[in-house]
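Q: This is the structure I have questions about; it appears just below.
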Amino acid sequence: MNDVRPCSECKGTEIFRRRYLSGQKALGGDIEGLGFPDLGGVGYGAMYSMLVCATCGYVRLFVSDEARSKLEDAPGWTRMPLRSDA
Ligand SMILES: [Zn+2]
C-alpha cells in the first residue's frame, strides 16, 4: 500500500500510517495488537497497517498482501455476501 484514499468520513487528506505485526503490543500501552488467526506465517503473525485520519481520527486497518492471499483457505474466515445496494 503506497497510496491511500482520503478519509471516508470527513474527506480529510492528512492520513498517517503505522505498521504492526499482529499480536505485538499496540498503541503504546497495555492493549494487545489485533489478532488475525491463520493469516500469518509459520512462527509469525499477519502484518497489518493502521491508518489514522489526522482531521477526525477515523481509523482504518489493512492486512498485508500475504495475509490477504490466505483468506480463501483459512479456517474461520467466511466470504460475506454483498448487499444488493452495494
Ligand atoms: Zn477524517
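The values are calculated or read from the model by the stated rules, or taken from the named source; none is laboratory data. Note that the structure is predicted; figures quoted are calculated from it, not measured. Reconstructed Cβ throughout: ideal geometry from the backbone, glycine too, with neighbour counts over all protein chains shown.
Q: Please determine whether any residue of segment 34-55 is at pLDDT below 85, surrounded by fewer than 12 Cβ atoms within 10 Å (Cβ to Cβ) and over 20 Å from Ala74 (Cβ atoms).
A: Within segment 34-55, not a single residue is at pLDDT below 85, surrounded by fewer than 12 Cβ atoms within 10 Å (Cβ to Cβ) and over 20 Å from Ala74 (Cβ atoms).
Q: Within segment 18-30, identify whether any single residue is of a type outside the set (Ser, Thr, Tyr), at pLDDT 85 or above and in a loop (DSSP other than H, G, I, E, B), and answer yes or no.
A: Looking through segment 18-30, none of the residues is of a type outside the set (Ser, Thr, Tyr), at pLDDT 85 or above and in a loop (DSSP other than H, G, I, E, B).
Q: Go through segment 1-17 and report how many residues are more than 8 Å from the ligand (Cβ to nearest atom), touching a residue at least 24 places away in the same chain (Cβ under 8 Å), in a loop (DSSP other than H, G, I, E, B) and under 25 Å from Gly35 (Cα atoms).
A: 2
Q: Let me ask something else about it. Can you name the residue in segment 37-57 that is within 15 Å of the chain's Cα centre (by Cα) and assigned to a strand (DSSP E or B) and is also nearest to the ligand (Cβ to nearest atom) among such residues? Working first, answer last.
A: The first filter runs over segment 37-57 and keeps only residues within 15 Å of the chain's Cα centre (by Cα), leaving 37-40, 45-53.
Subsequent filtering for residues that are assigned to a strand (DSSP E or B) retains 47-53.
Working: Met47: 24, Tyr48: 20, Ser49: 16, Met50: 14, Leu51: 10, Val52: 9, Cys53: 3 Å.
If we take residues in segment 37-57 being within 15 Å of the chain's Cα centre (by Cα) and assigned to a strand (DSSP E or B), then Cys53 is nearest to the ligand (Cβ to nearest atom).
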